[in-house]
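Bear in mind these aren't lab numbers, they're just calculated from the coordinates by the rules spelled out. Keep in mind it's a predicted model, so treat the numbers as computed, not measured. Note: ideal-geometry Cβ built from the backbone for every residue, glycine included; neighbour counts use all protein chains shown.
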Amino acid sequence: MSRESERLLDALGEIREEMLNPILDHRQPARRSKWKPWAALAAVLVLAVGLWRFLPRMGGSSSGGTGSSGSSVFMSYAGPILPLTAVEQTESITASREITLDFSPWAPVWISNKQQVEKYKEQGAAPEELEDYRQQLEEWFPEGGYEKTSTDILVKDDYLLTNTGETEQSLTLLYPFASALNQLEQLRPQLTVAGEKMETTLRWGGYSGGFQGALGENLSAEAEEGSVNLRQLNSWTQYQALLSDGSYQIQALGTGESLEGIPVTIYQFSDPWGPEAGEEIPNPTIRVTYRQPEDTTVLSYGFHGMSRDEETGEMGQSFSIPEPQESRYGKNFYMIVIGEDIQEMEVAGYATGGWDTVEQVEAGVTVERYEGDLDGILRRIFQEYLTENTPSPDMDQEMWYQQFVELLTSSGPLSSQSAQRYASGWLEDLISETRIISRVFYLETEVTIAPGQTLQVTAEMTKNASYDFACAKTENRGVCGYDLMTTLGSGFLWKDQQAILEDRGQIEIVRQNFGFDLEQGIYTVKLNPQEEHYYLEVRRKEKR
């Protein structure tokens, strides 16, 4: 899937299923079809046409050049490049910094149809699938391929740390970077010390953003009440507020939440059965109703319908009965009860998933009740989720699980300030969303600097761009933004900083406060550590 497709899918994560409930309540179960390599692109194009009007509400509003210090407020903000720091605060260590912004990834690369077919062949495609794919590529790219471009840049962030004291200094270095779990493989920096690659420990903080009402943050305060949508950070000043007092870093270096030893009651639903879907019974559904005590929390997995009466405690959850060709066929469904057990539970089959449906059908499911440990059942459900949603082989599953627990306990149903977004208690929503929410990661490594000695520390990484959605008619359409913080969150004593631009003939500068001048050949500029924020906003140079 292309980067733009991934970005659009991430943005569409803001659109909650509740917005589609009038349709979903009466839908037939989805039918699985054989996957094609271009299916993701086709699906994204359909979503882009049908849902483009929602996109401006998903990030900040674009206001080119009117943000703090003159930078733009982009709809999709990638976060700034952050400076190196150390856990230990010592006045005997001084630091110099040289950062290089390299636009070589902007150079177009030719991707031939033949390359695409060979790649699909390596993935195990059958001969008839290869031929089908080849014909589709010839239709789409009659010139034999297409030019692939990127808006990423390469960053080399170089530091010289000098020990001006008379004793040896041992430091725990931390290199922070803004990312999300689904971008970690691409954006994770590589640290070298004195030219040698370092083994690092990856630390991470909690979700860096917040929540907002269904209509977005650009409307009146009254309309904005609520927490049904994500409000990810969309400016450098918000990162400043997040990191300036050091509390976020302290949390990132902590041990995290543990749910071990918390007793729960588990209801497992397996082998559901019922009539086939048809005209009279469009969506055969299992409905579970119960009374929930006031201080009880219920988490569930596999359910996608809910009814709630907060005053009476009468609750209901439901799921469509999977058919053999569907992904959830043969899988278990769960309800996890934390606190006093639910009461008066009843299970019945209905003709549709709509809660206004009263027509029952002959259907059933095997229900098992047992007691267990919250961490144990969540880990079991997490593994079941992974079997249904194959992750990247490079994904750290334990880190994913720990971040899921953090979201569950900080913003989910196990939090004292639970967001409305997670009020259903549906665990697959939280597991999935853990991958896309922004946070600050830290690479941790240990170094020792002898008295009077200087140590070179370098971070090299890919940095993605901030941008406005292509479908939004703003003056920043086609503009990409990159920015950095000079000293935010860093305890070093700074001697000097400078920046180098390697434009590779690919860009024209729209606005900046670095001081680069391509026409005058000024590619290296001094930075003032007292200037908190530098920004560079560029557009692709037109071919002549």
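For GLY165, which sequence-distant residues (separation of 5 or more, or a different chain) have an amide H within less than 5 Å of its own amide H, given hydrogens modelled in the peptide plane?
Amide H to amide H, under 5 Å and 5 or more residues apart or across chains, GLY165 pairs with GLY452.
So, with +1 on the Cβ of K and R and -1 on the Cβ of D and E, and no other charges, what is the size of the charge dipole of region 109-148 about its Cα centre, to the nearest 20 debye?
Around 200 debye, computed over region 109-148.
Treat region 396-446 as a sphere of radius equal to its Kirkwood radius over Cα pairs and apply Stokes-Einstein at 37 °C in a medium of 0.692 mPa s; give the translational diffusion coefficient in µm²/s, rounded to a whole number.
Approximately 281 µm²/s, per Stokes-Einstein.
Using the Kirkwood radius built from alpha carbon pairs, what does the Stokes-Einstein equation give as D for region 106-172 at 10 °C and 1.306 mPa s, in µm² per second?
The estimated diffusion coefficient comes to 98 µm²/s.
Run the helix sum for the chain: -39,500 (n - 2.57) per DSSP H stretch of 4+ residues, divided by residue count, reported at 222 nm to the nearest 500 deg cm²/dmol.
One gets -5500 deg cm²/dmol as the mean residue ellipticity at 222 nm.
For the Cα atoms of the chain, what angle does the longest principal axis make with the long axis of helix 3-12, in degrees from 0 to 90, nearest 10?
Helix 3-12 and the main axis of the chain meet at about 50 degrees.
With N residues in region 267-408, what two-decimal value do you get for its Cα radius of gyration over 2.2 N^0.38 Å?
Relative to the 2.2 N^0.38 Å estimate, region 267-408 comes out at 1.13.
Take the Cα coordinates of region 435-534, assign each an equal point scatterer, and use the Debye formula without solvent to give log10 I(q)/I(0) at q = 0.17 Å⁻¹.
-1.11
Cut-off under 16 Å on the C-alpha distance; same-chain residues fewer than 8 positions from LYS197 excluded. Which lysines are left, in chain and number order?
The reachable lysines, counting only those whose Cα sits under 16 Å from LYS197, are LYS156.
Which of THR285, THR486 has the fewest other C-beta atoms within 10 Å, and how do the rest follow up to the most?
THR486, THR285
Region 244-333: Rg/Rh from Cα coordinates, Kirkwood Rh?
So for region 244-333, dividing Rg by the Kirkwood Rh gives 1.15.
Sorting GLU314, GLU368 on the 10 Å Cβ count, fewest up front, what's the list?
Result, fewest neighbours first: GLU368, GLU314.
Using modelled amide H (1.01 Å from N, peptide plane; none on Pro or chain starts), what sits under 5 Å from the amide H of ILE321, excluding residues fewer than 5 places away?
Answer set, sorted by chain and number: THR285, ILE286.
When each pair of different Cα atoms in region 294-349 is counted once in the 1/r mean, what is the Kirkwood radius in angstroms, to one decimal?
In region 294-349 this quantity evaluates to 12.9 Å.
What percentages make up the Cα-Cα pair-distance distribution of region 109-148 when the bins are 10 Å wide from 0?
With a bin width of 10 Å, the distribution comes to 33, 53, 14.
Given the Cα-Cα distance of TRP273 and THR448 and 0.36 nm per residue of separation, how much length would full extension add, in nm?
56.5 nm
Within 10 Å of each residue's Cβ, count the other Cβ atoms and sort ARG539, ARG287 from fewest upward.
Ascending Cβ contact count within 10 Å gives the list ARG539, ARG287.
Evaluate the distance, in nm, between pseudo-label points positioned 7 Å from the Cα of TYR329 and of GLU168 along their respective Cα→Cβ axes.
6.6
Using the alpha-carbon atoms, what tilt in degrees (0 to 90, nearest 10) does helix 397-410 show relative to the longest principal axis of the chain?
80
Would you list, by chain and number, the aspartates and glutamates whose Cα falls below 14 Å from the Cα of LYS148, excluding same-chain residues fewer than 8 positions away?
Qualifying aspartates and glutamates at Cα under 14 Å: GLU4.
Between GLU185 and ALA470, what is 0.36 nm times their sequence separation minus the Cα-Cα distance? Round to one decimal in nm.
This chain segment gains 100.1 nm when fully extended.
Enter the angle in degrees (range 0 to 90, nearest 10) between the Cα long axis of helix 374-388 and the first principal axis of the Cα atoms of the chain, meaning the one along which they spread out most.
90
If you filter region 298-379 for trypsin sites (Lys or Arg not before Pro), then keep DSSP loop positions with at most 10 other Cβ within 10 Å, what is left?
Counting only loop positions with at most 10 other Cβ atoms within 10 Å, none of the trypsin sites (Lys or Arg not before Pro) in region 298-379 qualifies.
Computed FRET efficiency, Cβ-Cβ of SER244 and GLN123, R0 60 Å: what is it to the nearest 0.05?
Efficiency for this residue pair is about 0.80.
Hey, what's the Kirkwood Rh for the chain if you take every pair of different alpha carbons, in angstrom?
26.3
Along region 122-129, what does the Karplus equation 6.51 cos²θ - 1.76 cosθ + 1.60 (θ = phi - 60°) give for ³J(HN,Hα), rounded to whole Hz, x for Gly and Pro?
Rounded to whole hertz, the list is 5, 7, x, 5, 6, x, 5, 5.
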